[in-house]
Amino acid sequence: MTHFFFRLPLGLSAQGPRGFTLSLVAFSALALLLSACSPALNWRLVRTEAASLTFLLPCKPDRASKMVPLGGQASTLSMVGCEADGAMFALAVADTAVPAQAAELLTQWQSLTLTHMRASAHTQSPFLVTGASSSPSPVRVQAQGQQADGRAVQSQAVYFARGSQLFQAVIYAPKVSAEMADTFFGGIKLE
């Protein structure tokens, strides 16, 4: 017995070569329609647990946290991120006990990120994040580097702070498109 997701019009049979061909064509058309309904970047609003922050991710987020040394003290680093369309999107939050060290710690974080990706070139520009501290000023960093396996990678990151909380929003991809970066970074809002 053959099962179908649809009924054949009157006068057509599911038996025999012609019925099989119609079923295959109909199934292929259905698969094509369904794949057109699932875009590679399905943006959704995400809220962090560690801070009063909302942002957009193009896929279902994964969450993780771990203790890291920060400014000479152990601090919890919380990260929310996902992978879509060949790119990795992440937002990390760390809390420092000394807000006066925020500028120095954000500079160190940026330097470590560029070193880790073996950046050969990078540019930095001011960036506006709603609700972020004005000192240190939020910055956007664009870089070209290498992954651990030697493949080329591009990165765009935004570094900012609010009080004792430090933030890094970052995209890693073979090629970071302007649309991808503008949507991700433009959706960041501190409440």
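The values are calculated or read from the model by the stated rules, or taken from the named source; none is laboratory data. These numbers were taken from a predicted model, which means no experiment stands behind them. Positions of Cβ are generated from backbone atoms using ideal geometry, with glycine treated the same way; all protein chains shown enter the neighbour counts.
Find the strands (runs of 3 or more DSSP E) located wholly in the range 58-125 whose residues include 2 or more that are in contact (Cβ under 8 Å) with a residue 40 or more places away in the chain, in contact with an Asp or Glu (Cβ under 9 Å, 6 or more places away or on another chain) and not hydrophobic (A, V, I, L, M, F, W, C), and list them.
Filter on the range 58-125 gives an empty set.
Could you figure out which of (1) within 22 Å of Met79 (Cα to Cα); (2) at pLDDT 95 or above isn't true of Gln144?
It is condition (1) that Gln144 fails.
Might you let me know whether the range 172-187 holds any residue that is farther than 22 Å from Arg44 by Cβ and not β-branched (Val, Ile, Thr)? I'd like the intermediate steps shown before the answer.
Step one: filter the range 172-187 for residues farther than 22 Å from Arg44 by Cβ, giving 174-175.
This time we only want the ones that are not β-branched (Val, Ile, Thr), so: 174-175.
The answer is yes; a qualifying residue exists.
Results for (1) within 15 Å of Leu56 (Cβ to Cβ); (2) of a type in the set (A, V, I, L, M); (3) not assigned by TED's automatic domain parsing to the domain that holds Thr115, shown as yes or no for each residue.
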residue	(1), (2), (3)
Leu128	no, yes, no
Gly131	no, no, no
Val139	no, yes, no
Gly145	no, no, no
Ala152	no, yes, no
Val158	yes, yes, no
Ala161	no, yes, no
Ser164	no, no, no
Met180	yes, yes, no
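Can you pull out the residues in the range 165-191 that are under 14 Å from the mean Cα position of the chain (by Cα), part of a loop (DSSP other than H, G, I, E, B) and farther than 15 Å from Met79 by Cβ?
Within the range 165-191, Pro174, Lys175, Val176, Ser177, Gly187 meet the criteria.
Identify all residues within the range 161-175 that are farther than 19 Å from Ser65 by Cβ and surrounded by 19 or more Cβ atoms within 10 Å (Cβ to Cβ); write none if there are none.
Within the range 161-175, Ile171, Tyr172, Ala173 qualify.
Does Gly145 count as within 19 Å of the chain's Cα centre (by Cα) and farther than 23 Å from Pro69 by Cα?
So Gly145 fits the description; yes.
Going by the structure shown, is Glu104 charged (D, E, K, R) and over 19 Å from Ser52 (Cβ atoms)?
Spelling it out, Glu104 is indeed charged (D, E, K, R) and over 19 Å from Ser52 (Cβ atoms).
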